[in-house]
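Heads up, the thing below is written out as structure tokens.
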There are 2 protein chains.
Amino acid sequence: MQDQARMPDDKARPSSRPPRRRQEDRSAETQSRLIEAAIQLLHENGFAATSVDRIASSAGLTRGALSHHFQSKADLVVAVMHAVSDERHLRLAECYRELSRYHNRCERMVRALWQAIYGDPAYVATIEILLGSRSDPELRARVESERGRSADSIYSVWDEMLSDDQMPEQRRTDAMHLTIATLRGLAVLNLVARDPEFIERQLALLATAVETIMRP
Amino acid sequence: MQDQARMPDDKARPSSRPPRRRQEDRSAETQSRLIEAAIQLLHENGFAATSVDRIASSAGLTRGALSHHFQSKADLVVAVMHAVSDERHLRLAECYRELSRYHNRCERMVRALWQAIYGDPAYVATIEILLGSRSDPELRARVESERGRSADSIYSVWDEMLSDDQMPEQRRTDAMHLTIATLRGLAVLNLVARDPEFIERQLALLATAVETIMRP
DNA sequence: AAACATACGTACCATCCTGTATGTAATTAA
DNA sequence: TTAATTACATACAGGATGGTACGTATGTTT
């Protein structure tokens, strides 16, 4: 029993006792670990098979920890939507900076949306939540509001990227919704039958389709 | 206590005692009632919130009846997929007869697919089943095989309708898959935000997009 | 160092879910 | 009419799930 002396800022034994963390940091990290685990499980097994118990233990924790940070399963689900929404916003902002310089914007836009959003497991998680929360009106409303936030990010980027004055407003947004619908459909298919080459061809095709729609 | 005499084929008291039915008919009707109820509930509340108990009582029966006709929940789910697949096949055959006479085939094809399949609550039910059964590999395999059957119906109609010799094979099937992906995406959207006029515009836009893809 | 707050685990409870056993009514076969 | 099947209901068992109460350990403040 040597070495029991307190070392307030110990890096003496590197891997034995983790460095002191502040509560705030612990909380933040734990919460995001739980959210990550939830996304992962929702993506893998779907809403019905994703219990709070699985989520917690998948994150290396227990239900006690989870319910300390999220009072109910609904709260966790909303937190997942919120986190995904935030991440999406960041990625889209990134895309915005990248895209504005190039010319074949439709193609780049479609691919950017796939890479940043629809091709990501997190997107599948949000779909699962969206469908799975239908039966609970209260949860549904909260989820829906998060979804709205997220959708607005996309709308604004689309508008700023692809606004051509020669095209009527409604046709432009219709084209956007059609693109989104297609990407959503591909995301669902990608879930049950993964095939990157196929997705690649579909994205290219979608891009040309949008291109021709946008320029009549 | 009069009129207790047996009347093998009684229409004497029209609404009192229902006419004798054969077991076969009873079975068939009960089973399809259960399947209908399952589709309805899957469409309304999603997979997670659709228990066999709800299904049975929604069909005016009990779990006992359900488990007499379907040994397990998995069996019922597969039966639903099978029934939807059959119905789809019939509707597509109908579409085939209607469509072949007209010329703007892409537009009619898109609308036909929406009306016959993707706009139907039964399609949502199959999506729920497809996503919900992911965590159970055994069920998953059975569901997947039914899905394949159903997909083949669509493929063959598409091929027979839209095969132009001037177009390479792969591009044609890619166009089909893109159409299907879009319709699937619209079906999911239609689930959380119903808006017939919007769907109408999207279908029109999709039709023109497919048209231009198919004729370069 | 002591009092307090926060993070997390364990244990328990009510609920719901699926499956199964068993009983009864309806239908069919003899 | 009687015996055998089939259709359906009722009742119970085992397991999973979500919520909550409570205990302990780890930070934080004074």
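Return yes when B:L189 is within 13 Å of another protein chain (Cβ to nearest Cβ), over 17 Å from the mean Cα position of the chain (by Cα) and either farther than 30 Å from B:D75 by Cβ or of a type in the set (V, I, T) (or both) and no when it is not. Give the steps one after another, and end with the answer.
Working: within 13 Å of another protein chain (Cβ to nearest Cβ): yes; over 17 Å from the mean Cα position of the chain (by Cα): yes; either farther than 30 Å from B:D75 by Cβ or of a type in the set (V, I, T) (or both): yes.
Answer is yes for this residue.
Evaluate the following for A:S153: is it hydroxyl-bearing (S, T, Y) and not in a loop (DSSP other than H, G, I, E, B)? I'd like the intermediate steps shown before the answer.
On the way: hydroxyl-bearing (S, T, Y): yes; not in a loop (DSSP other than H, G, I, E, B): yes.
Yes: the conditions hold for A:S153.
For a quick check of your reading of the model, give me the residue pairs whose first member lies in the range B:35-64 and is near DNA strand C (Cβ under 8 Å from one of its atoms), whose second is among the polar types (S, T, N, Q), with beta-carbon atoms closer than 7 Å and at least 6 apart or on different chains.
B:A49/A:S135
Determine whether A:R194 is outside any helix (DSSP H, G or I), away from chain B (no Cβ under 12 Å) and open to solvent by 10 Å² or more (accessible area, probe 1.4 Å).
Details: outside any helix (DSSP H, G or I): yes; away from chain B (no Cβ under 12 Å): yes; open to solvent by 10 Å² or more (accessible area, probe 1.4 Å): yes.
Here the answer is yes, as A:R194 does meet what is asked.
Quick one: would you say B:I154 is more than 10 Å from chain A (Cβ to nearest Cβ), under 21 Å from B:S100 (Cα atoms) and among the β-branched types (V, I, T)?
yes
Considering each residue of the range A:117-150, count those that are assigned to a loop (DSSP other than H, G, I, E, B), touching a residue at least 40 places away in the same chain (Cβ under 8 Å) and within 10 Å of chain B (Cβ to nearest Cβ), and give that number.
2
It is to be established whether one or more residues within the range A:103-125 are touching a helix residue (DSSP H, G or I) at 6+ places or on another chain (Cβ under 7 Å), within 16 Å of DNA strand D (Cβ to nearest atom) and of a type outside the set (D, E).
yes
Out of contact with any strand residue (DSSP E or B) (no Cβ under 8 Å at 6 or more places or on another chain), at pLDDT 95 or above and not hydroxyl-bearing (S, T, Y) - does that describe any residue in the range A:16-30?
no
Give me the residue from the range B:23-57 that is of a type outside the set (D, E), open to solvent by 60 Å² or more (accessible area, probe 1.4 Å) and away from DNA strand D (no atom under 12 Å from the Cβ) and, out of that set, nearest to the other protein chains (Cβ to nearest Cβ).
B:R54
If you go through the range A:173-183 one residue at a time, do you hit one that is within 23 Å of the chain's Cα centre (by Cα), surrounded by fewer than 22 Cβ atoms within 10 Å (Cβ to Cβ) and more than 9 Å from every other protein chain (Cβ to nearest Cβ)?
Yes, the range A:173-183 contains a residue that is within 23 Å of the chain's Cα centre (by Cα), surrounded by fewer than 22 Cβ atoms within 10 Å (Cβ to Cβ) and more than 9 Å from every other protein chain (Cβ to nearest Cβ).
So which residues in the range B:65-86 are away from chain A (no Cβ under 14 Å) and within 11 Å of DNA strand C (Cβ to nearest atom), if there are any at all?
Step one: of the range B:65-86, the residues away from chain A (no Cβ under 14 Å) are B:65-72, B:75-76, B:78-80, B:82-86.
Within the range B:65-86, B:A65, B:L66, B:S67, B:H68, B:F70, B:Q71, B:S72, B:D75, B:L76 meet the criteria.
Might you check whether a residue that is out of contact with any Cys (no Cβ under 8 Å at 6 or more places or on another chain), without any contact (Cβ under 8 Å) to a residue 40 or more places away in the chain and of a type in the set (K, R) occurs anywhere in the range A:179-191?
no
When you scan the range A:159-171, do you find a residue that is at the interface with another protein chain (Cβ under 10 Å from one of its Cβ atoms) and within 18 Å of B:L186 (Cβ to Cβ), even just one?
Scanning the range A:159-171 turns up at least one residue that is at the interface with another protein chain (Cβ under 10 Å from one of its Cβ atoms) and within 18 Å of B:L186 (Cβ to Cβ).
The values are calculated or read from the model by the stated rules, or taken from the named source; none is laboratory data. For clarity, every value in this text was computed on a predicted model and none was experimentally measured. A quick note on method: Cβ atoms are made from the backbone with ideal geometry, for glycine too, and the neighbour counts reach across all protein chains shown. Accessible surface is based on the protein model in full, side chains and every heavy atom, while ligands, DNA and RNA are left aside. Shrake-Rupley method; radii C 1.70, N 1.55, O 1.52, S 1.80 Å.
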